Amino acid sequence: MKNSETASVDPTHAFLSDLQALMADAEKLLSNSPESEHTENGSPLRMRLEAAQERFNELYAGAKKQVIAGGKYTDKTIRENPYQALAVAAVVGVLVGVLIGRRHS
């Protein structure tokens with residue numbers, strides 16, 4: 001069984017908080033570096049970091065929209081075809097049971 005503390009933490013949120021902490025640490029390092037004081041536009045590393053942040057935010061937003069759309073589509077399909085959904089779930093359950101039974105034999 002899983003630890004209740006581990007089960008309550010969403011892996012996505014944990015990943016995002018770790019990534020945000022990493023970005024904050026990188027920004028601190030860049031702001032303390034002597035190179036950032038000498039250039040007007042900032043260092044190339046800072047520009048790459050900001051570009052990576054923007055790209056990650058775009059990818060995350062796009063993936064989130066796709067997951068939500070897929071969930072809504074699945075919910076709509078199951079609600080419109082409850083008996084077919086039940087039949088598909090039963091067939092998948094039987095197939096998984098047969099495969100697990102063969103493994104233990």
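Quick note: the coordinates plus some simple rules give every number you see, no bench work behind them. In this text, all values refer to a predicted model and were calculated from it rather than measured experimentally. Cβ atoms come from the backbone with ideal geometry, glycine included; neighbour counts cover every protein chain shown.
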*Along the three principal axes, how long is the stretch 9-104 when you take its alpha carbons, biggest first, rounded to the nearest angstrom?*
68, 37, 21
*Along the charge dipole of the stretch 9-104, Cβ charges K/R +1 and D/E -1, which of 82, 47, 24 sits furthest on the positive end?*
82
*Using a basic spin-label model with each label point 7 Å from the Cα along Cα→Cβ, how many nm lie between residue 68 and residue 104?*
4.2 nm
_Estimated dipole of the stretch 9-104 in Debye, rounded to 20 [Cβ of Lys and Arg +1, of Asp and Glu -1, Cα centre]_ = 860 debye
